[in-house]
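The values are calculated or read from the model by the stated rules, or taken from the named source; none is laboratory data. Note that the structure is a prediction, hence the values are computed from the model and not measured. Reconstructed Cβ throughout: ideal geometry from the backbone, glycine too, with neighbour counts over all protein chains shown. Just the protein is used for accessible areas: all its heavy atoms, side chains included, with ligands, DNA and RNA removed. Shrake-Rupley method; radii C 1.70, N 1.55, O 1.52, S 1.80 Å.
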Amino acid sequence: MEILKILLPSILFLLFSIAFVVLAVVIIVPIVKSQKASGGIVNTDSLRMDHLFRVPCKKEELVHRLYRPNVKEVMEYTFDESTMTITFTQLNASLSYAVFVREYEGSCYVRLHKQRMLHSRCIIPYFVNEFMIKKFHAEPLPYEQYKDKCA
């Protein structure tokens, strides 16, 4: 029993340290992946409510491709054309975005606008850039420069 009393603080510290490292990795890795995918371009507002992209296709093709999920997608999703809403799901969390599209010179400006104002504790917003870039060869657009041009 004496050994347990002596070792308990060290064991608790070790467990806390491991939990802290795991939590840091779970939070930091998606942030770093998002920044890497976007090439360092800040294509969101400060609350991550909007993501801005240029997609090299017309609106009709974009919508058509949203109906065709691929098993290799970054995230699972569903798309509802009647409301132009895409709902991403990952790790038992889901998050919906309104999809605004404006055609421009053979391509589209796309704004994904988060549907909930409440702070979401999920990491889905950090995978949106990677999803759009891989699925559509989208180009992240600097938010401050394009916020008024994207639908």
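Name every residue in the range 131-148 that is over 14 Å from the mean Cα position of the chain (by Cα) and of a type in the set (D, E, K, R), in order of residue number. Answer for the range 131-148, where residues must be over 14 Å from the mean Cα position of the chain (by Cα) and of a type in the set (D, E, K, R): Glu139, Glu144, Lys147, Asp148.
Within 22 Å of Gly40 (Cα to Cα) and either of a type outside the set (Phe, Trp, Tyr) or at pLDDT 90 or above (or both): does that describe Val110? Yes: the conditions hold for Val110.
If I filter the range 19-26 for residues that are more than 20 Å from Leu141 (Cα to Cα) and at pLDDT 75 or above, do I get at least one hit? There is no residue in the range 19-26 that is more than 20 Å from Leu141 (Cα to Cα) and at pLDDT 75 or above. Of all the criteria given as (1) open to solvent by 40 Å² or more (accessible area, probe 1.4 Å); (2) within 12 Å of the chain's Cα centre (by Cα); (3) β-branched (Val, Ile, Thr); (4) at pLDDT 90 or above, the one not satisfied by Ile31 is (4).
Applying the condition of being out of contact with any Ser or Thr (no Cβ under 8 Å at 6 or more places or on another chain) and without any contact (Cβ under 8 Å) to a residue 12 or more places away in the chain to the range 81-103 and asking which residue is farthest from Phe131 (Cα to Cα) yields Ser82.
Taking only pairs six or more apart or across chains, which ones have beta-carbon atoms under 9 Å, a first residue in the range 120-139 that is farther than 17 Å from Arg48 by Cα and in contact (Cβ under 8 Å) with a residue 24 or more places away in the chain, and a second residue that is part of a helix (DSSP H, G or I) and of a type in the set (Lys, Arg)? Cβ pairs passing all conditions: Lys135/Arg65; Phe136/Arg65. If you go through the range 50-76 and pick out every residue that is surrounded by 12 or more Cβ atoms within 10 Å (Cβ to Cβ) and touching a residue at least 40 places away in the same chain (Cβ under 8 Å), you end up with 15.
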